[in-house]
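Notes to accompany the following structure.
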Amino acid sequence: KQEVTQIPAALSVPEGENLVLNCSFTDSAIYNLQWFRQDPGKGLTSLLLIQSSQREQTSGRLNASLDKSSGRSTLYIAASQPGDSATYLCAVIPQGGSEKLVFGKGTKLTVNP
Amino acid sequence: GAGVSQSPRYKVAKRGQDVALRCDPISGHVSLFWYQQALGQGPEFLTYFQNEAQLDKSGLPSDRFFAERPEGSVSTLKIQRTQQEDSAVYLCASSLREGTGRATGELFFGEGSRLTVL
């Protein structure tokens, strides 16, 4: 059974700092991996999607990498801003015909001004 | 509207009551998903529709949970005889593509329906 773990569970940083959020998954047989952002009381917003054949994706100040063989992904946020404060969730689609995302519990990020 | 709309946003039910949660996906979106998110946890898959066909209901926790999408657009998640452990946020998501695995489907999530069972 695929399990997704995110470390740390919470992170507090000063504004302007570069930071890395970690995600690991137990089964390397995945179709893709996605990073989402969730603001309090809100739904999820898709940030980056990495196909299993890709190594990384970039969008603005965000960069996500994927090392499928080791079951790891990182989300790098450059020059963090208070508006980046949210919970970041990592999710994978397992291979095998399933359409379901398997999520981690998330990392709650607070960027202090 | 332009996004996925869910109603009600908040629902308080007494244990044993039946509830119905509605999802209006983005117009034209083929795929529709329901997820359950308990406090402090990541979302967990409940069920998946491709148009009106329910292709995967493996995540529904019990036979008290039932979902439908009769015309391939609006979906309803029904929970019968609610229990306290059903308290969670129920998230609906839709995608233009068929699923999110075999196609590069980008998922759009609604803001969720928060269910509290007393």
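Nothing in this text is a laboratory measurement; each read-out follows from the coordinates by a stated rule. Everything numeric in this text was worked out from a predicted model, so none of it was measured. Here the Cβ is made from the backbone with ideal geometry for all residues, glycine too, and neighbour counts use every protein chain on show.
Here is how the numbers come out for the structure above:
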{"read-out": "Cα shape, the protein assembly as shown, gyration tensor, a/c 1.5 rule", "value": "prolate"}
{"read-out": "Note, ³J(HN,Hα) from phi for the stretch B:10-27, Karplus 6.51, -1.76, 1.60, rounded to Hz, x at Gly and Pro", "value": "9, 9, 10, 10, 7, 3, x, 6, 9, 10, 10, 10, 10, 10, 9, x, 5, 4"}
{"read-out": "A:Thr110-B:Thr116 FRET efficiency (beta carbon distance; Förster radius 22 Å; 0.05 resolution)", "value": "0.25"}
{"read-out": "The stretch A:1-43: C-alpha gyration tensor shape, a/c 1.5 cut-off, then a/b vs b/c", "value": "prolate"}
{"read-out": "Value of relative contact order over chain B, rounded to a whole percent, pairs C-alpha under 8 Å and six or more apart", "value": "36 percent"}
{"read-out": "Interchain or long-range residues, amide H under 5 Å from A:Asp27's placed H", "value": "A:Glu3"}
{"read-out": "Theoretical gain in end-to-end length, A:Ser53 to A:Ser69 [0.36 nm per residue, Cα-Cα removed]", "value": "4.6 nm"}
